[in-house]
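Each remark here refers to the structure printed beneath this line.
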Amino acid sequence: MKTIEETYREKLRILIAEYGSQATLARQIEKNPAQISQWINGTPSTTGKPRSLKSETAREIERKTGKPIGWFDQPEDKDSQTIGSFSSRKNDSTTLNLYDVAASCGHGHINPEFPDLLRSIELPNSALQELLGTANLKNVSLCPPDGDSMEPTIPRRSITLIKTDIAEFINSGIYLITFQGYTYIKRLARGKGGVLHVTSDNPAYSKSNFDILPDEYDQLTVHGKFWKVLPLDFLDL
């Protein structure tokens with residue numbers, strides 16, 4: 001049985017799908033897009049507890065979106081969910097949609113070198129285990145690369161899969177982060193004294209590497225951790 005917090009997150013994703021983007025929903029309910037992202041991801045608050053939607057806020061959103069009172073409290077049928085930028089599962093396939101970086105990161109943004117090459121991928125459920133090693137794609141989205149700064153790991157013509165339920169640094173890897181108002185796709189690694197090293201895999205961008213000190217953690221927001229990459233270069237036949 002789902003907790004009320006899980007149901008609230010599920011309903012927020014449905015609203016994002018109905019309104020087309022997190023930014024549009026934010027305007028409708030008069031909230032900051034970053035706050036919606038924190039509710040969905042359960043981002044830890046200053047007390048360390050995951051942020052979650054309060055019941056009175058749920059009632060307010062119901063009024064502003066024309067939903068009946070109590071709609072937020074009713075879990076959805078798991079086989080027929082539509083959950084916005086995140087993966088949605090039907091009886092025989094799972095669709096991964098493009099992550100709304102601009103909405104989820106507030107004023108931050110990334111600058112892909114090419115237009116969005118893919119906006120969604122539908123995969124047969126029978127092939128998920130073989131292709132990805134798991135059938136569980138909850139909170140997995142598509143995300144474009146930020147130019148060639150992470151080559152060769154993430155080619156500039158590629159699409160990545162990002163786990164958006166990861167809202168803090170857990171171990172070394174490539175993350176989507178916002179720091180001091182700027183959004184990056186970078187490799188994070190912990191150094192001495194709790195320092196986080198933020199680096200590009202492409203050595204041509206080594207001069208843009210920087211560190212985040214422990215007393216700067218409150219300026220860091222983790223939006224997700226990158227999991228898979230799919231190169232998108234077509235070959236002539």
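The values are calculated or read from the model by the stated rules, or taken from the named source; none is laboratory data. In this text, all values refer to a predicted model and were calculated from it rather than measured experimentally. Ideal geometry is used to build each Cβ from the backbone, glycine not excepted, and the neighbour counts take in all protein chains shown. To get the accessible areas, we keep the full protein, side chains included, count just its heavy atoms, and leave off ligands, DNA and RNA. Shrake-Rupley method; radii C 1.70, N 1.55, O 1.52, S 1.80 Å.
Things to note:
- Difference of contour (0.36 nm per residue) and Cα-Cα distance, residue 127 to residue 216: 27.8 nm
- Heavy-atom accessible area for residue 6, with the other protein chains in place and a 1.4 Å probe, reaches approximately 70 Å².
- Sequence-ordered 3J(HN,Hα) estimates for region 168-175 from the Karplus curve with 6.51, -1.76 and 1.60 and θ = phi - 60° stand at 7, 5, 10, 6, 4, x, 9, 10 Hz, glycine and proline given as x.
- Whichever lysines have a C-alpha closer than 17 Å to that of residue 2, once near sequence neighbours (fewer than 8 apart) are set aside: 11, 54, 78, 138
- When each of the peptides 216-228, 176-188 is scored by how many other beta carbons lie within 10 Å of its residues on average, the order from highest to lowest is 176-188, 216-228.
- Prolate/oblate/rounded call for region 4-53, Cα gyration tensor, a/c under 1.5 rounded: oblate
- Segment residue 3-residue 168, extension gain: residue separation times 0.36 nm, minus the distance between their alpha carbons: 57.2 nm
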